[in-house]
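Since the structure comes first, as structure tokens, the remarks are kept for the end.
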Amino acid sequence: MKFESYMSDFKDKRVAITGGTGSFGSEFVEFLTTTEVSEVLILSRDESKQDLSRVRFKDDRISYKICDVRDFDATNRSLKDVDFVFHAAALKQVPACEFNAMEAVKTNILGSNNVINACVDNNISKAVMLSTDKAVQPVNAMGMSKAMMEKIAIGQAFLDNKTVFSVTRYGNVMGSRGSVIPIFVDKILKGEELLVTDPNMTRFMMSLQESVDLVVYALINSMQGELLVQKAPAATLEVLVAALELIFNTKANVRIIGPRHAEKTHEVLLSSEESARAVELDGFYKVSPDTRGLDYSSGTKVPPVGFEFNSSNTLMLSPTELADLLIKLPFMSRYIDASI
């Protein structure tokens, strides 16, 4: 996606990012510094990561606030006079959420609701809420909490407010903080054992840049309550290991340990019910909200059932194809250099 056509949409705007020091937030801030925004407001609760961000981005337009989305008053005050909001703050680790489910509720559901209400109170023009493939047919606390976030945001389509809310949903981001790829690479370089859950487990593969592409498109083009779903190829964990072996010209020492708590074998990005309301566009699907009323006796047409888009029926990458994608990622360069 080319950003040039969207640069004018950010001119003289104040943009706020919750969770702005995370993997996505940092990548998005880097994009925003190339635009003519008047201010980029980074909201997060980690002062250490904010210091690291100050070192990385030496731009007078960037400001920082310690703000936990669980605190409505702090969130509400922070969004005063902001034009656009991108909500990326979340608890994302599946096992951590599984063993601390109420904490996932507090951040991913109640915290997201605080952000939504603060956007409405402050007459924010547009807000983009970031979600995950794990929100579709969820089997774990993280996915369930993000699914509720989606429902709350999309539910704004039924309410009379000035803020336009949209949701973006995408799968595994290669190299994001806590993801398996940097862990595997580090262990391969150290000659340590790789703990693989299930070689046949499939996961969508996309870059941080693609996640930025999606939210920028959603901000500029989405209507109230629309869901934007990232198309992405996928690979098995077996293929991922093989791709890393190709890149580093070595044989990994793999031990199969079985799935972690509440992990799916295949992830779903678009359910069959959603696909019936979806329009296929270049690189993603756009899903309109189901705005039917509750008077089902009035002859409301029943929507057809569509197809399911999951990590086993998308384009499956070979080890060579995945290796080609991985070596293009900025974070991989330091590992490749270290292996030479």
**OP:** Could you grab me the full set of residues in the range 90-107 that are within 16 Å of the chain's Cα centre (by Cα), assigned to a loop (DSSP other than H, G, I, E, B) and either among the hydrophobic types (A, V, I, L, M, F, W, C) or surrounded by fewer than 17 Cβ atoms within 10 Å (Cβ to Cβ) (or both)?
**Re:** 90, 91, 93
**OP:** Could you pull out the residue among 204, 248, 284 that is aromatic (Phe, Trp, Tyr) and farther than 20 Å from residue 149 by Cβ?
**Re:** 248
Subject >> Of all residues in the range 70-89 being among the aliphatic types (A, V, I, L, M) and closer than 20 Å to residue 52 by Cβ, the one that is surrounded by the most Cβ atoms within 10 Å (Cβ to Cβ) >> reply: 89
Original post:
Does residue 243 satisfy the criteria of being surrounded by fewer than 21 Cβ atoms within 10 Å (Cβ to Cβ) and of a type in the set (Gly, Ala, Ser)?
Top reply: no
Original post:
Which ones in the range 18-39 are under 17 Å from residue 213 (Cβ atoms) and of a type in the set (Gly, Ala, Ser)?
Top reply: 23, 25, 26
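Within the range 11-28, how many residues turn out to be without any contact (Cβ under 8 Å) to a residue 60 or more places away in the chain, out of contact with any helix residue (DSSP H, G or I) (no Cβ under 7 Å at 6 or more places or on another chain) and not basic (Lys, Arg)?
Number satisfying all stated conditions: 1.
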**OP:** Output the residue which, of all residues in the range 9-24 that are out of contact with any Asp or Glu (no Cβ under 8 Å at 6 or more places or on another chain) and either among the β-branched types (Val, Ile, Thr) or at pLDDT below 95 (or both), is farthest from residue 119 (Cα to Cα).
**Re:** 23
**OP:** Check 297, 211 and return the single one that is at pLDDT below 95 and surrounded by 16 or more Cβ atoms within 10 Å (Cβ to Cβ).
**Re:** 211
**OP:** Give the range 307-340 a look and list any residue that's modelled with pLDDT under 80 and either closer than 20 Å to residue 273 by Cβ or surrounded by fewer than 11 Cβ atoms within 10 Å (Cβ to Cβ) (or both), or say none.
**Re:** 337, 340
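Hey, any hits in the range 13-25 for a residue that's on the phi < 0 side of the Ramachandran plot, more than 22 Å from the chain's Cα centre (by Cα) and surrounded by fewer than 16 Cβ atoms within 10 Å (Cβ to Cβ)?
Checked against the condition, which is being on the phi < 0 side of the Ramachandran plot, more than 22 Å from the chain's Cα centre (by Cα) and surrounded by fewer than 16 Cβ atoms within 10 Å (Cβ to Cβ), the range 13-25 yields no hits at all.
Of the residues 162, 231, only one is in contact (Cβ under 8 Å) with a residue 60 or more places away in the chain, of a type in the set (Lys, Arg) and touching a Ser or Thr at 6+ places or on another chain (Cβ under 9 Å); which?
Of the residues listed, the single one that is in contact (Cβ under 8 Å) with a residue 60 or more places away in the chain, of a type in the set (Lys, Arg) and touching a Ser or Thr at 6+ places or on another chain (Cβ under 9 Å) is 231.
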**OP:** Report, by residue number, each residue of the range 115-153 that is surrounded by fewer than 24 Cβ atoms within 10 Å (Cβ to Cβ) and polar (S, T, N, Q).
**Re:** 117, 122, 123, 125, 137, 140
Subject >> strands (runs of 3 or more DSSP E) completely within the range 1-87 that count 3 or more residues being among the hydrophobic types (A, V, I, L, M, F, W, C) and within 21 Å of residue 222 (Cβ to Cβ) >> reply: 14-18, 84-87
Original post:
What number of residues in the range 149-181 are farther than 22 Å from residue 217 by Cα and charged (D, E, K, R)?
Top reply: 2
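Does residue 267 qualify as being at pLDDT 95 or above and closer than 22 Å to residue 170 by Cα?
yes
The values are calculated or read from the model by the stated rules, or taken from the named source; none is laboratory data. Every value quoted in this text rests on a predicted model; they were computed, and no experiment measured them. FYI the Cβ positions are ideal-geometry reconstructions off the backbone, even for glycines, and counts take in every protein chain you see.
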